[in-house]
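Below you'll find the structure, written out as C-alpha cells, and then a few comments.
The values are calculated or read from the model by the stated rules, or taken from the named source; none is laboratory data. From a predicted model like this one, the values you see are computed outputs, not experimental measurements. No Cβ is skipped: glycine too gets one built from the backbone with ideal geometry, and neighbour counts run over all protein chains shown.
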Amino acid sequence: MRKKLIGMAGGLALALASSTSVLAQELTIFWAEWDPANYLQELVNEYEAETGVQVTVETTPWSDFQTKTFTELNAKGSAYDMVVGDSQWLGAASEAGHYVDLTEFFNKHNLGEVMAPATVKYYAEYPSSSGKYWAIPAEGDAVGWSYRKDWFEDPAEMEAFKAKYGYDLAVPATWAQMRDIAEFFHRPDQGRYGIAIYTDNSYDGLVMGVENAIFSYGGELGNYETYEVDGIINSEQNIAALEMYRELYGFTPPGWAKTFFVENNQAITENLAAMSMNYFAFFPALTNEASNPNAKVTGFFANPAGPDGHQFAALGGQGISVISYSENQEESMKFLEWFIKDDVQKRWAELGGYTASAAVLESEEFQNATPYNKAFYETMFKVKDFWATPEYAELLIQMNQRIYPYITGGEGTAKDALDSLATDWNATFKKYNRVQ
Amino acid sequence: MATAVLTTLDPQSRAASRGMSDLSIRNLFIIPTIVFLIVFNIFPLLYSLGYSFTDFRASSSAPANFVGLQNYRDLLADPFIWNNFTITAKYVIVSVVGQVIVGFGVALLLNRDIPFKGLLTTLLLLPMMLSMAVVGLFWKLLYDPSFGIINYALGLGTFEWLSNPNMALYAVALTDIWMWSPFVMLLSLAGLSAVPKHLYEAAAIDRAGSFYTFFRITLPLVAPILMIAIIFRTMEAFKTFDLAYILTSQPTTEVISIRLYKMAFQEWQTGMSCALAYIVLIMVLAITNIYVKYLNKVKER
Amino acid sequence: MAAVRTSGERTTNRLAIVLVLIITMIFLAPIYWIASTAFKPRNLATTIPPTVIFTPEISPFVKLFTKRSQLRAAPTPEEYEAAPWWERLVFDGGEKVVRSGRGEVQLSGYPSRFMNSLIVAITSTVLAVGMGTFTAYGFSRFKVKGEQDLLFFILSTRMLPPVVVAIPMFLMYRAVGLNDTHLGLIILYTAFNLSFAVWLMKGFIDEIPKEYEEAALVDGYTRMQAFFKIVIPEAATGIAATAVFCFITAWNEYAFALIMTNRRAQTAPPFIPSQVGSGLPDWTVIASGTLLFLLPVAIFTFLLRNHLLRGMSFGAIRK
C-alpha cells in the first residue's frame, strides 16, 4: 500500500513537472471573493477576446485571503502569476522578494501621474517616499458612509432634531454632528439605532474604523519614515478620537461587537441604523434593490471632518503585483500594459471596478455613474493608511488587543490604551531594529 | 523502530500451518499504518521542533538564528498566553461535559424499540455532518440579537449572546454541543446495545433499583467506547478554532488555537508559533495520557 | 429487545419516545431553517418572524452554479427575452451571468469543487477504514511488543493543531509536487483519519469473541480467510460507524483544503463562506450550497443506518 502510494506520488509529480511549461497562454490572478473580483473577471474576459490569453481570477474567502496568499508566497509557490494584494502587504512582500520590482514599468508609463496620487503612495510605493514601486493601483477603496435618507428627510424628525440640537438635520459635516445624529436616532425601544461602525478585531476591521476618527481628528499613527510613535499614536487628538469612537459604540445596535462589512451593510438593509460605515467597494450591493429593500432611500457621504477641520479617511483597496515565482512574468507584464490603458481603465470603472486612474476619476461621467461615486472621488484624494512595514500584522494585533476592550467593554481609558499601544509598538520596532 | 518491535512474535500464538503465518499477517496489518503515520508526522514534528528554538519567520528571507529556549521562556511568561490557556480549559470542560450529557442521554432514550429508529438516528446525526465554517456562519445569524431566530423563538428580546464577554464562550460551546453531541450519541448507542439483556433481566429479578442497574451494569459496560468518544472530543475541543474564530472576537473567547493561528499566519512568527504548538502538544499528550490510562483500567474490569 | 412487561415500563417507554421526538426537533430546527432558506426568495431569508409559508424557488441553485456579478443597469427587454429561463432568474435577482472571452457561460467554483470533494472524501475514507481495520485487528489479536506505546503514538498523530502542521506539510508537498492534487488531499485525510479508525475499530474488534476465529481455524480456514469471512462481517457495525465519521471529517475539512490546494483540486468547504464577500451575503445561495453539500453525507449515513444501530450486541449476547 505504502509503496503504491509513493509510486503514485512520484508519477504524479513527474506528470505535473512536465505539464507546467505548456500553458503559457493562461494567466491566474489571485484575489478575495467579492464583487470587484467578478468585475475583474468580466474585464479580463475582454482581454481574452482581444488576445486569446485566458486570464482567470481565482478567489478565496476574505477571512483567509491574507493567510492563503502568504502561505503560497512564503513557500515560493508559482500557482498565481499576479495578486491583487492589500496595501499593508507591500513591506512584507517586497522585502521578502515575493513581488517583482515594477519601478521601471511604473516610470516608463508615467504611472505616478496617471494614477491618483494617494493610490500611488499607498498601493504602489515602499518604503515611503523611496521611489520604488511594487504594484499597479488597481482597485481604489476607502471608508465612506451610507445613511437612511428617508429617516433624515422625515419632516417630523427634522423638526424634533432642530429643536433638540439647534441646527438642521442633514448629512453630518463633522464627527460631532455625526455623534448628535446617532444619539438622536438611537431608540432601542423601537428597534432603531443610531450608527453602525466596525468593531471586528480579527483582522483590520476595528482598526480601519478607528483610523477614520483618528485621521479626521488630525492625528497620525506614527512617523512612517522614522518609526517614531511616542507622542504621535498617544497624542491628544488620538485620545479624543478614540473617546469619540467609544461614544459612538454606545449608539450601535445590540450585539455590535464583531462587525465588519457584512454586518454594517445589514444595518441598512435590516432597518437597524441611521448611518453605517463601510468601504465603498461594498456599496453596490446597497444600491441594488434585489439585495437592499431600502435601496431607493439609501444615501452616501464621505467621512466627516474632525474638530479642527481636518478631513481624511482610512484607505482600503489594492494594487496588482506580479509574483516573482510566476513562470509567466512576461505575459503578466503584457497584461499590465493593457490594464493601464486609459480606455481599459474607463471600461474597468464601467464594469464596477474602482479605478485609480486620475483622468477617469475626474470625469463627469464617472462621478455621476452611481450615487456614491462622487463621495468616492472626494475621498480618494484625502486618504491615509496603516503601517506597511513587514511587521504590520504584529502592530495590527497589538492595536486590536489594546483598543478593543476599551471600545466595546469600556475597560480603562483611551489614554491608557494608547499609551500601552505606544509601548508595544516601540518594543516591536526595537525587536526588528527599525529604531535604536 | 516499528519493525524492530514487531519482529519477535510470541511463539505461543497460533502459528497456522496453512497460508501466511500469523507473524507475517500481523506485520502486514500493522507495519504499513505505522510507517505511513511516521512518514507523514515525523517531518512536520521535527520541522516544528527545530524551528521552535529559532527566531525564524517563514515570511522573511532573513536566516533563522538559534535562540535556545528563549521562545518557550517568552511564551510561558506572557500573561496573554496563560489567559488563552485558561479560556481553552474552560471551553473544553463545558463543551465536552455538555456533549457527554446530551449525547449519552439521548442514546439512553433511543436504546429501546422506537418506530423509525434508523431515520431518527440519521436525522439526529445531521448537525455533525455540516462543515464548521458553515455552522459558524449560520449560528452567527441565529444568535443575532436583532434578526436572529433564537432570541425570537425563546422570547429573549435583544439578548446579546456573542457580544457579552461573559456569555460568548458559553454560546460558542453551546453551538459545539449542538454539533458534536450526535457523535457521542452514536458511539454510546453502539456501546449500549452491547449490554447483554440477561444482565438487566437478572437485575430485575433481584429487584435492583434503576440507579443500581445504571451504575453497576450499564455504565461499566459502555465505559470503554464512551471513553474513546471523550478522548477524541477532548482532543478536538482543545484544538478548536473555526467556531470561536467565526462567531465572536471577544478577548474572552480567544482560545489557544486562535492565538496560535494569529502568531503563525498573521504575524508569521514561525519559530515562536512552533514553540507554542509544542507547548500545546505536550499539554494534550499529558491529558490524553491520563484518559488512556483510565480507559485501560476500565477495560480490565 | 426484551418485551415490555409492566404498564410502568410502557409509560416510561412512551415518555422516552416523546422526549426523543422533542429533542430531535430542537436539534433539527437550525437545519430545517437552512433547508427552507435554500428555496426562499432572497427578500424572505432573514425576516423576523421567520417566513414559514412561501412559494419555493429554484433560483438559489441557479445562482449557486453560475458565476455572477451585480447588474449595473437593468437588461433591455430584448436581452431579457433572449435569455434562457435560468438566466432570467439571475436577472430578476439584480445580477447577471458572467461570460468568458469566448462567450461561454462561466460556472461558479461549486460544481467542480463538489466533484473534488467526492473524489477526495470517498477515496480517503476507503483507505483509512481499510488500513484502520487491518491494524486494529493486528493489535487486537496478536501480541505486539510495546503495544500501548504504539497505540498511543497512533493517537498522538491527531493531537498537533493543524495550524502548525500546515506550514511544514505545505513545504513537503511542494517539494514532491503533491500540492493542488487530489492525491495530496487523499493522503492527508487518510493520515488524519487513520488514528481514529484504528482506535475505534480496535474498540469494536476487541468485543468479537476470539473463539469464533479459532473455531474457523480448526475447520480448516486460513487466518486470512477467517479474518475476511468471520471478523469483517461481525465488525460491520464498527466499520459502518468508522466510515461515517471518517467520511464526515474528510468531507468537511477546511484548513488544509484551503492551504494545500488551488483551482485544480480544491474541495467545496472553502467555497461556501466565500459567498459572504460581496458585502450583503445572499443567504439563499449559501443555504442551497450547504444543503446540497449535506446530501451525500446524509444519504451515506442513512444507507448505513441499520449497521450503525445493530450495535455491538452480537459479541456480548452470544458469549
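Remarks
- Unique residue being in contact (Cβ under 8 Å) with a residue 60 or more places away in the chain and surrounded by fewer than 24 Cβ atoms within 10 Å (Cβ to Cβ) when the list is A:269, A:298: A:298
- Leading residue by the ranking (farthest from residue A:284 (Cα to Cα)) among those in segment A:352-364 that are surrounded by fewer than 24 Cβ atoms within 10 Å (Cβ to Cβ) and touching a strand residue (DSSP E or B) at 6+ places or on another chain (Cβ under 8 Å): A:358
- Of the residues C:262, C:252, the single one that is crowded, with 21+ Cβ neighbours inside 10 Å, out of contact with any strand residue (DSSP E or B) (no Cβ under 6 Å at 6 or more places or on another chain) and at pLDDT 85 or above is C:252.
- Condition met for residue B:199 (surrounded by 23 or more Cβ atoms within 10 Å (Cβ to Cβ) and at pLDDT below 90): no
To keep it simple, each residue is scored yes or no on (1) over 19 Å from residue A:153 (Cα atoms); (2) in contact with a Phe, Trp or Tyr (Cβ under 6 Å, 6 or more places away or on another chain).
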{"position": "A:175", "(1), (2)": "yes, no"}
{"position": "A:178", "(1), (2)": "no, no"}
{"position": "A:181", "(1), (2)": "no, no"}
{"position": "A:184", "(1), (2)": "no, yes"}
{"position": "A:187", "(1), (2)": "no, no"}
{"position": "A:193", "(1), (2)": "no, no"}
{"position": "A:203", "(1), (2)": "yes, no"}
{"position": "A:206", "(1), (2)": "yes, yes"}
{"position": "A:215", "(1), (2)": "yes, yes"}
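- Here residue C:196 meets each of (1) assigned by TED's automatic domain parsing to the domain that holds residue C:212; (2) out of contact with any Lys or Arg (no Cβ under 9 Å at 6 or more places or on another chain) with one exception, condition (2).
- Boolean, residue A:225 is at pLDDT 95 or above and away from chain B (no Cβ under 14 Å): no
- Residues in segment A:71-101 that are polar (S, T, N, Q) and within 16 Å of residue A:327 (Cα to Cα): A:78 only.
- Scanning segment B:53-77 for residues being touching a residue at least 60 places away in the same chain (Cβ under 8 Å) and either of a type in the set (A, V, I, L, M) or on the phi > 0 side of the Ramachandran plot (or both) gives a total of 5.
- Selection count where residues are touching a residue at least 60 places away in the same chain (Cβ under 8 Å) and part of a helix (DSSP H, G or I), scope segment A:343-364: 7
- If only residues of segment A:323-339 that are part of a helix (DSSP H, G or I) and of a type in the set (D, E, K, R) are counted, the one that is surrounded by the most Cβ atoms within 10 Å (Cβ to Cβ) is A:331.
- Qualifying position, being free of Cβ contacts under 8 Å to residues at least 60 places away in the same chain, within 14 Å of another protein chain (Cβ to nearest Cβ) and either of a type in the set (Val, Ile, Thr) or crowded, with 20+ Cβ neighbours inside 10 Å (or both), among A:288, A:292, A:264: A:292
- Filtered residues of segment A:243-261 (kept if more than 20 Å from residue A:181 (Cβ to Cβ) and more than 10 Å from chain B (Cβ to nearest Cβ)): A:261
- Residue in segment C:4-26 that is closer than 26 Å to residue C:292 by Cβ and surrounded by 15 or more Cβ atoms within 10 Å (Cβ to Cβ) present: yes
- Here is the figure for segment B:1-50: residues that are over 23 Å from residue C:161 (Cβ atoms), at the interface with another protein chain (Cβ under 7 Å from one of its Cβ atoms), surrounded by fewer than 17 Cβ atoms within 10 Å (Cβ to Cβ) and modelled with pLDDT of 70 or more total 2.
- The number of residues in segment A:13-39 that are at pLDDT 95 or above and within 17 Å of the chain's Cα centre (by Cα) comes to 2.
- Every residue from segment C:165-194 that is of a type outside the set (A, V, I, L, M, F, W, C) and under 20 Å from residue B:236 (Cα atoms): C:189, C:190, C:193
- Looking only at residues in segment A:365-381 that are hydroxyl-bearing (Ser, Thr, Tyr) and assigned to a helix (DSSP H, G or I), the one that is surrounded by the most Cβ atoms within 10 Å (Cβ to Cβ) is A:379.
- In segment A:219-240, the residues that are buried (at least 20 other Cβ atoms within 10 Å of the Cβ) and over 20 Å from the mean Cα position of the chain (by Cα): A:229, A:233, A:234, A:237, A:238, A:239
- Candidates are the residues of segment B:54-68 that are part of a loop (DSSP other than H, G, I, E, B) and crowded, with 20+ Cβ neighbours inside 10 Å; the one that is modelled with the highest pLDDT is B:56.
- Selection within segment C:69-122 - under 24 Å from residue C:265 (Cβ atoms) and not aliphatic (A, V, I, L, M): C:100, C:104, C:106, C:108, C:109, C:110, C:111, C:112, C:113, C:114, C:116, C:117
- Under the condition of being crowded, with 22+ Cβ neighbours inside 10 Å and within 14 Å of chain A (Cβ to nearest Cβ), the residues counted in segment C:143-165 number 3.
- Matching residues, segment B:144-181, being at pLDDT below 95, assigned to a helix (DSSP H, G or I) and not aliphatic (A, V, I, L, M): B:151, B:152
- Counting only residues that are more than 8 Å from every other protein chain (Cβ to nearest Cβ) and touching a residue at least 12 places away in the same chain (Cβ under 8 Å), segment B:116-135 holds 1 of them.
The rows are residues; the columns are (1) assigned to a helix (DSSP H, G or I); (2) crowded, with 21+ Cβ neighbours inside 10 Å; (3) more than 9 Å from every other protein chain (Cβ to nearest Cβ).
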| position | (1), (2), (3) |
| --- | --- |
| B:218 | yes, no, yes |
| B:222 | yes, yes, yes |
| B:233 | yes, yes, yes |
| B:245 | yes, yes, no |
| B:249 | no, yes, no |
| B:258 | yes, yes, no |
| B:261 | yes, yes, no |
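- Within segment B:57-107, the set of residues being more than 30 Å from residue C:15 (Cβ to Cβ), more than 14 Å from chain A (Cβ to nearest Cβ) and polar (S, T, N, Q) comprises B:86, B:88.
- Test for residue A:372: is it under 26 Å from residue A:216 (Cα atoms) and at pLDDT 95 or above: no
- Residues located in segment B:141-166, provided they are surrounded by fewer than 22 Cβ atoms within 10 Å (Cβ to Cβ), touching a residue at least 60 places away in the same chain (Cβ under 8 Å) and more than 7 Å from every other protein chain (Cβ to nearest Cβ): B:166
- Per the conditions (1) farther than 23 Å from residue B:188 by Cα; (2) more than 8 Å from every other protein chain (Cβ to nearest Cβ), the sole criterion not satisfied by residue C:209 is (1).
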